[in-house]
1. Note down the relative contact order for the chain as a percent, whole number, built from C-alpha pairs under 8 angstrom at least six residues apart.
2. Using Cα pairs under 8 angstrom and six or more residues apart, how large is the relative contact order of region 19-130, in percent?
3. Report, to the nearest whole %, how much of the accessible area of the chain belongs to carbon and sulfur atoms, 1.4 Å probe, protein only.
4. Extending each Cα 7 Å along its Cβ direction at residue 170 and residue 62, get the distance between those two points in nm, one decimal.
5. For residue 48 and residue 69, compute 0.36 nm times the residue count separating them, minus their Cα-Cα distance, and round to one decimal in nm.
6. How tilted is helix 159-178 with respect to the longest principal axis of the chain? Cα atoms for both, answer in degrees (0 to 90, nearest 10).
7. Under a Cβ-Cβ cut-off of 10 Å, what is the net charge of the residues other than residue 30 that fall near it, where Lys and Arg count +1 and Asp and Glu count -1?
8. Add +1 for every Lys or Arg and -1 for every Asp or Glu among the other residues with Cβ under 14 Å from the Cβ of residue 68, and state the total.
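The values are calculated or read from the model by the stated rules, or taken from the named source; none is laboratory data. Not measured: the values here are computed from a predicted model. In this analysis, Cβ positions are derived from the backbone assuming ideal geometry, glycine residues included, and neighbour counts consider all displayed protein chains. What goes into the accessible areas is simple: the full protein's heavy atoms, side chains included, and nothing from ligands, DNA or RNA. Shrake-Rupley method; radii C 1.70, N 1.55, O 1.52, S 1.80 Å.
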Amino acid sequence: MLPMRYAISGASRGIGLEFVRQLLERGDTVEAGVRAPAEARLLAPLVYSVGPRLRIHELDITNQASVKAFAAAVSDGPLDVLINNAGVSGKWCSFMEMDYEDMAKVMETNSVGPMRLSAALMPAVLKGPTRKIIHLTTRMASLTENTRGGVYGFEGGAYAYRMSKAALNVCMRTMAVDFRDQGLITAALNPGWVRTEMGGKLAPMRPEDAVRGMLRVIDDITKEQSGMFLDFQGREVPW
């Protein structure tokens, strides 16, 4: 496979950082978007080993001006793949104790933000030969598999998180239809329960394994699979 050019949001830690590491290891180029470049202590040292194959940019996907500036910086050539990785879990509250200001922030980050970034980078993505936009989602956004509700158990109270990722899935599915004739391939990927700052120490999966699996899916995904909700092994997740 020839080296490709990726843009990744939320690249300073967790799954985003692991994407950067593995892509650089295999020879790809990465445009890394982070909220605070000066605080990207784990990401910055990678520049010294790979040089211009990694560029770090300030990116706040909830801010239109920031997204436009990022798009201007990375649209100096075609992009093969955009990975919408940045996201937040927000507060997990019961239905009657919902913090609606926090919910609005979660929706802005997890639903509107990826749409905003996808729109800004769409021209650069469509200029590339691969034309892929990948959105990281969660199995908790599946309506079919939501049999535990939002109050009891470990997943209790994840209303904002579930809703925001379900909205992201709808955005992805609609994009797949609207840009099918232009050759766009887009999908929502569930990385699984991963041992990151968001996933917590009890998560069974290492970031390395989740990202390795997702990269195989991203590499192999076809036009026929555009608009699908998949897990990190390429299996379809029920809506």
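1. Working: 465 pairs, mean separation 42.6, N = 239.
The value is 18 percent.
2. Details: 119 pairs, mean separation 28.8, N = 112.
Once normalised by length, the contact order is 26 percent.
3. Numbers: 6540 of 11710 Å².
Roughly 56 percent of what the probe reaches on the chain is carbon or sulfur.
4. 2.1 nm
5. On the way: separation 21, 0.36 × 21 = 7.56 nm, distance 2.42 nm.
Extra length available between residue 48 and residue 69 comes to 5.1 nm.
6. Helix 159-178 sits at roughly 50 degrees to that axis.
7. On the way: positive: 5, 21, 53, 55; negative: 28, 31.
Charge balance in the 10 Å sphere: +2.
8. On the way: positive: 116; negative: 58, 60.
Summing Lys/Arg as +1 and Asp/Glu as -1 gives -1.
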